[in-house]
């Protein structure tokens, strides 16, 4: 038995890939999360009302999703519905996170794979390809920064936001602030589209060089968005079955155990989710497969091109990355729309009475549906459960790793392309290990 | 061009994200190691090593001891690197026993009994508190920490007006009430500790209507003293500005959301020396 271990970089958190082979035959390909902090244990006994500040610390990349899911779980337990303006501001907050995350994943995490470099900050891109890549790092950071500013505006803090509170938000957004943000997003939109065009071209070139877009066997897809103006605030979970085409199940967060099987693995600090024994996929490709069209013009053009060229549902894993670009554009366009509404109304928050009981909070995080589930006794957290999007993708990551390993490992030799392939496979799923292990 | 590296131990990557938001370093520094954004085998020789996250596993400890040998200057950034961070809310017998039993895994790095601060094991030249530190603070630490201009406390950076004649009788909790714009959060009954929390963040939380939770730690006046000195000062502010009973304040300060940050400099290391204020940005 020969064991190949691959450390991983350009993903959130600490993980590695371990591939076992015997006589050139791949025995197993495992994705190991190697960190653990223990949030489900350490919040036991904490006052429930403190969760929206404590739990964003699960992850600095996904803190916005945890912040909102936490507030929603408490509102579910207390039976309070926030006013419309608060819901709009929370939607804006999640769009800020989507924008920031997809820009980071596309341009900082996976662009180097398309260009054959170690980091986007590493080389003078003009040497690679004149205009298309001139100043690529600065332009990528400009787009990403717009997302950061949107989070700050709608969430009060750029990481670990504070503005969502039980019953609403701490305040509205003034017309001046909204208009400045709109201008920044309008500037970022063409920059994002140009970068994404370049990214798309380089992805096609990469797939032609490799002769594959990666593991393209069917899978089940899971998301909490729907419609032509997907709202990442989340309402129901939706499952698209293995046979493709239609939504085969729709259920509220509190029913997730009837559909999703979450199991611990002894070789990793991250658990893994399946659906009736099938491999499940969440994240951008799940959304692109379940959304037929978008009501914002540029994003819709990209989505239609995507469906035309790759089909619906599309399965190859490198398409996760392209789907992220479509959402990057959608997030900018949709945020501009929302910022054109009046956001400085008086009613931002409703009063409520805390009570004991159970609550579920669902949001569509950039990596897929995130659920917070709390049981509250005497005002304290008796039990907390975090159902994490990356965990839904673990089995899909391992299946895709196995496909790559079998492609590059033969009885004669190990093709050195394997190391790069492992990185590309894992990054296609944009896993977040701090969240997955929490 | 100067070279810097970021060693990520067990944390949430929020500090790294904050650093990425501070794009201006791109012109002055070459980032040679930071697994989040750069593929590189190991920490090479660098001028500055930023360390984020707490020492939670034996692998963290191994990486830490190796990395500091390569650096001219070592900077601990964020609450986790300074104190062990949010993971230490689980540093209680019942919780520790639970997760050590349930999370025993044969093939992954072994968990240490608690999340340790970086300076429990290696010497640190500079501390950058905050959860996470803002992008401006990251720039200051990389470019010229000595010239960084900031108010002494968050309160001075907040801009809300203190009212003399409004004295709440009880705390509102963190999630209740309608926040009035422009009026001090203490006047409105919120347990805000910005009056003695280290300045430099520009007060984003209280400006957005959420009380300061003290993530930057105590101001220079209290940073070399026991946590009791800082607590006494906070309680004195509430005694002057409110009619809230002292035990109610005390309970709030010791609850997880605040305790997580208020004790971050009280865990003296080495020969139980406090961190000198000159070393804290």
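Read-outs throughout are calculated quantities, based only on the coordinates presented, and are distinct from any laboratory measurement. Model, not experiment: these values are computed from the prediction. Neighbour counts run over all protein chains shown; Cβ positions are idealised from the backbone, glycine included.
Taking A:178, A:138, A:186 in turn, the Gaussian network model of chain A (Cα-Cα springs below 10 Å) assigns the largest fluctuation to A:138.
Secondary structure note: in the protein assembly as shown, about 70% of the DSSP beta bridges are antiparallel. Normalised by the number of residues in the range B:2-148, the average gap of Cα pairs under 8 Å and 6 or more apart makes the relative contact order 29 percent. Counting neighbouring Cβ atoms within 10 Å and putting the fewest first, the residues B:170, A:67 line up as B:170, A:67. Each part reduced to its alpha carbon centroid, the range A:388-407 and the range A:327-346 end up 35 Å apart.
Which residue fluctuates most in the GNM of chain A (Cα springs below 10 Å): A:358, A:309, A:184? For chain A, modelled as a Gaussian network with Cα springs under 10 Å, the answer is A:309. Looking at the square roots a ≥ b ≥ c of the eigenvalues of the Cα gyration tensor of the range A:2-437, which shape do they give, rounded for a/c under 1.5, prolate if a/b is larger than b/c, or oblate? Oblate is the answer for the range A:2-437, as a/c is 1.5 or above yet b/c matches or exceeds a/b. Within the listed set B:21, B:187, B:144, the Gaussian network model of chain B (springs between alpha-carbon atoms below 10 Å) gives the highest mean-square fluctuation for B:144. Calculated [222 nm] ellipticity per residue, helices only, for chain B: -8500 deg cm²/dmol; basis is -39500 (n - 2.57) per DSSP H run with n ≥ 4, divided by all residues, nearest 500. The residues A:51, A:1, when put in order of fewest to most other Cβ atoms within 10 Å, stand as A:1, A:51. So in the range B:2-148, what percent of DSSP beta bridges are antiparallel if you round to the nearest 5? So the antiparallel bridges amount to about 15 percent of the total. Measuring r between the beta carbons of residue B:100 and residue B:62 and using R0 = 30 Å, the FRET efficiency lands at 0.95. Take the Cα of residue A:217, step 7 Å toward its Cβ, do the same at residue A:2, and the gap between the two points is 2.4 nm. Among beta bridges from DSSP that stay inside chain B, the antiparallel ones total about 25%. Across chain B, the mean sequence separation of Cα contacts (distance under 8 Å, 6 or more residues apart), normalised by length, yields a relative contact order of 17 percent. Spin-label model, residue A:350/residue A:385: points 7 Å from Cα along the beta carbon direction are separated by 2.7 nm. Remark: mean inter-chain Cβ contacts per residue of A:58-66 equal 4, using a 10 Å Cβ-Cβ cutoff to other protein chain atoms. Among the residues of A:163-170, the average count of other protein chain beta-carbon atoms within 10 Å of the residue beta-carbon is 4. The helix-only estimate of mean residue ellipticity at 222 nm for chain A, built from DSSP H runs of length n ≥ 4 each weighted as -39500 (n - 2.57), is -14000 deg cm²/dmol after division by the residue total. Only Cα pairs under 8 Å and 6+ residues apart enter the sum, and on that basis the relative contact order of the range A:2-437 stands at 27 percent. Straightening the chain between residue A:301 and residue A:187 buys 39.1 nm, computed as 0.36 nm per residue apart minus the Cα-Cα spacing. Once both labels are positioned 7 Å from their Cα atoms along Cα-to-Cβ, the gap between residue B:2 and residue B:277 label points is 2.5 nm. For the segment B:65-76, counting C-beta atoms of other chains within 10 Å of every residue's C-beta and taking the mean gives 0.
For the range A:123-220, the square roots of the Cα gyration tensor eigenvalues, ordered a ≥ b ≥ c, give a/c of at least 1.5 with a/b no greater than b/c, which places it in the oblate category.
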